[in-house]
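Notes follow once the structure below has been shown.
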Amino acid sequence: MRGFILGAVTVLMIIFVGGYLFITNGGVRMETTAKPLPLEETVAGMALRASIANAGDTKDPLPMNDETLLAGAQVYQDHCAVCHGNPGGRTSALAKEMFPPPPQLFGEQGVTDDPEGVTYWVVTHGIRLSGMPGFQSTLSDAQRWQVTLLVAHADKLPAAVLKTLSR
């Protein structure tokens, strides 16, 4: 038994020292253009899902109407469009250089199928190591819900809202 414990400790030390040497000698590329590490996306996705937990059960308390959507469009223009794009727009130079790339919310990468509570959680808290900031201290609760409602319905917005987003 003593030999087993000594062997296990030795293996753990080798893994720890090997990992340390790998990282400190440039084995982990930190530039945004580097390919993800093996399992990086899987581990990050698992951690994000665990953090969000039951946020999907939370429903937007604001009414779904043109006024709310227009207010959400203004918040989106002011705080989100530079990274997440506008309807029919091209990906900004800033967004092209980010890792991971931010989803373009008015296209195939949109979040219209995500529960509103999940989108609200992301807008409020951000996503660590992704470039997505949390807006809890920047935007009011109502503004975070307005932009949540906007992106939740990005595939079927009224003409007036689309016009606001194309400015």
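The values are calculated or read from the model by the stated rules, or taken from the named source; none is laboratory data. Only a predicted model underlies this, so the values are computations on that prediction, with no experimental measurement involved. Neighbour counts run over all protein chains shown; Cβ positions are idealised from the backbone, glycine included. These area figures cover heavy atoms from the full protein model, side chains too; ligands, DNA and RNA do not enter into them. Shrake-Rupley method; radii C 1.70, N 1.55, O 1.52, S 1.80 Å.
Could you tell me whether any residue of segment 63-86 is assigned to a loop (DSSP other than H, G, I, E, B), in contact with a strand residue (DSSP E or B) (Cβ under 9 Å, 6 or more places away or on another chain) and open to solvent by less than 80 Å² (accessible area, probe 1.4 Å)?
No, segment 63-86 contains no residue that is assigned to a loop (DSSP other than H, G, I, E, B), in contact with a strand residue (DSSP E or B) (Cβ under 9 Å, 6 or more places away or on another chain) and open to solvent by less than 80 Å² (accessible area, probe 1.4 Å).
In segment 144-165, what residues are more than 18 Å from the chain's Cα centre (by Cα) and outside any loop (DSSP other than H, G, I, E, B)? Walk me through it before giving the result.
Here is the first cut: in segment 144-165, the residues more than 18 Å from the chain's Cα centre (by Cα) are 155-165.
Across segment 144-165, the qualifying residues are 155, 156, 159, 160, 161, 162, 163, 164, 165.
So in segment 99-112, with the set limited to residues that are surrounded by 12 or more Cβ atoms within 10 Å (Cβ to Cβ) and over 14 Å from residue 80 (Cα atoms), which one is modelled with the lowest pLDDT?
So in segment 99-112, the residues surrounded by 12 or more Cβ atoms within 10 Å (Cβ to Cβ) come out as 99-107, 109-112.
Now restrict to residues that are over 14 Å from residue 80 (Cα atoms): 99-100, 107, 109, 112.
Working: 99: 86, 100: 87, 107: 77, 109: 73, 112: 84.
Ranking the candidates gives 109 first.
Under 8 Å between Cβ atoms, which residue pairs at least 6 apart in sequence (or on different chains) link something in segment 76-97 that is in contact (Cβ under 8 Å) with a residue 40 or more places away in the chain with a partner that is surrounded by 15 or more Cβ atoms within 10 Å (Cβ to Cβ) and of a type in the set (Lys, Arg)?
Pairs that qualify, where the first residue is in contact (Cβ under 8 Å) with a residue 40 or more places away in the chain and the partner is surrounded by 15 or more Cβ atoms within 10 Å (Cβ to Cβ) and of a type in the set (Lys, Arg): there are none.
So which residues in segment 151-167 are in contact with a Ser or Thr (Cβ under 8 Å, 6 or more places away or on another chain) and open to solvent by less than 40 Å² (accessible area, probe 1.4 Å)?
Residues satisfying the conditions are 151, 152, 153, 154.
Taking the conditions exactly as written (under 29 Å from residue 37 (Cα atoms) and part of a helix (DSSP H, G or I)), does residue 121 satisfy them or not?
Spelling it out, residue 121 is indeed under 29 Å from residue 37 (Cα atoms) and part of a helix (DSSP H, G or I).
Restricting to segment 113-140, give me the number of residues that are open to solvent by less than 50 Å² (accessible area, probe 1.4 Å) and polar (S, T, N, Q).
3
For the condition closer than 26 Å to residue 130 by Cβ, surrounded by fewer than 10 Cβ atoms within 10 Å (Cβ to Cβ) and hydroxyl-bearing (Ser, Thr, Tyr), what is the one hit in 33, 42, 91?
33
Whether any residue in segment 33-53 is part of a loop (DSSP other than H, G, I, E, B) and of a type in the set (Asp, Glu) is what I want to check.
Checked against the condition, which is being part of a loop (DSSP other than H, G, I, E, B) and of a type in the set (Asp, Glu), segment 33-53 yields no hits at all.
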